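See structure below.
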Amino acid sequence: MAILQVKGLTKEFGGLVAVDHLDLEMNKGEILGLIGPNGAGKSTVFNVISGYFKPSAGKVFFKGEDITGLRMDKIASIGLVRTFQHTLLYSDLTVRENVLAGLHLHYKSGLFDALFGFRTAHKRTELERRATELMEMLGLATRSNERSGDLPHGYQRLLGMAIALSSNNPDMIMLDEPVTGMNAEETASTMSMIRRIKQEMGITVLLVEHNMKAVMELCERIIVLNYGKKIAEGSPKEIRQNIAVIEAYLGTKANAT
């Protein structure tokens, strides 16, 4: 059974239809890319699936459960988490403190408790262990005591992933432009981390990204949107050769040669 199903998803803002009757299905354990020109509706799809926006019509199912219109925290609690284009960090806190804050919030503790006091020694030990695992997995361990606001852009994005993954054993993560704005070295490192999230943690990955080289190398399957509608779906090779996709990106008729 598919881990994520989107059926007839529509989102309108006044008279603007940002997403238009979208059908989407994801298999457990895959990396799926959602791409399209600026304004195609990609981020709106993310925001509706994750609970940030309520849909105008349509349904979203996760692990067979109808999650349409649920709050973001409720959706995260059942295993579907996300990052944002602009990484949400406590910039004055260290990397470790940010990850611990995320862990405590998911474990229904407050930020004050996360940083300055723990209810039990056992809980503190367990969350410290989990924080260390996440930092090691995402290549952040050597920067654990650095102020997050001082991190290079690529490391801030990785920290955003660590905070999202601090949810209690998520099954799926949605990555919103994970490598956009990165240099070549940062991009390669982040792509490697995304593969590890899938292979070592068994987490399904849905990503929106403008870096087409990264999308083509990372994703087993790609869905292309234009003006809120799905115009193509297939393997990276199929998408590269799709005339409708070429026309959407170039804004003109093109030959797929």
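Listed values, structure above:
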quantity	calculated
L80 being under 23 Å from I194 (Cα atoms) and buried (at least 20 other Cβ atoms within 10 Å of the Cβ)	yes
Matching residues, the stretch 66-80, being farther than 14 Å from M174 by Cα, in a loop (DSSP other than H, G, I, E, B) and of a type in the set (G, A, S)	G69
Subset of the stretch 30-62 (residues that are surrounded by 23 or more Cβ atoms within 10 Å (Cβ to Cβ), of a type in the set (G, A, S) and in a strand (DSSP E or B))	G33
Sole exception among (1) out of contact with any helix residue (DSSP H, G or I) (no Cβ under 8 Å at 6 or more places or on another chain); (2) of a type outside the set (K, R); (3) over 23 Å from K63 (Cβ atoms); (4) in contact (Cβ under 8 Å) with a residue 12 or more places away in the chain for T187, by number	(1)
Sole residue being buried (at least 21 other Cβ atoms within 10 Å of the Cβ), out of contact with any Gly (no Cβ under 9 Å at 6 or more places or on another chain) and of a type in the set (S, T, N, Q), chosen from S144, S166, S148	S148
Candidates S56, S43, S77, filtered to the one that is of a type in the set (G, A, S) and in contact with a Lys or Arg (Cβ under 7 Å, 6 or more places away or on another chain)	S56
From the options V205, V245, residue that is modelled with pLDDT under 95 and either surrounded by 14 or more Cβ atoms within 10 Å (Cβ to Cβ) or in contact with a strand residue (DSSP E or B) (Cβ under 9 Å, 6 or more places away or on another chain) (or both)	V245
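The values are calculated or read from the model by the stated rules, or taken from the named source; none is laboratory data. Just so it is clear, the structure is predicted and the values come from calculations on it, not from any experiment. Glycine gets a Cβ as well: all are built from the backbone with ideal geometry, and neighbour counts include every protein chain shown.
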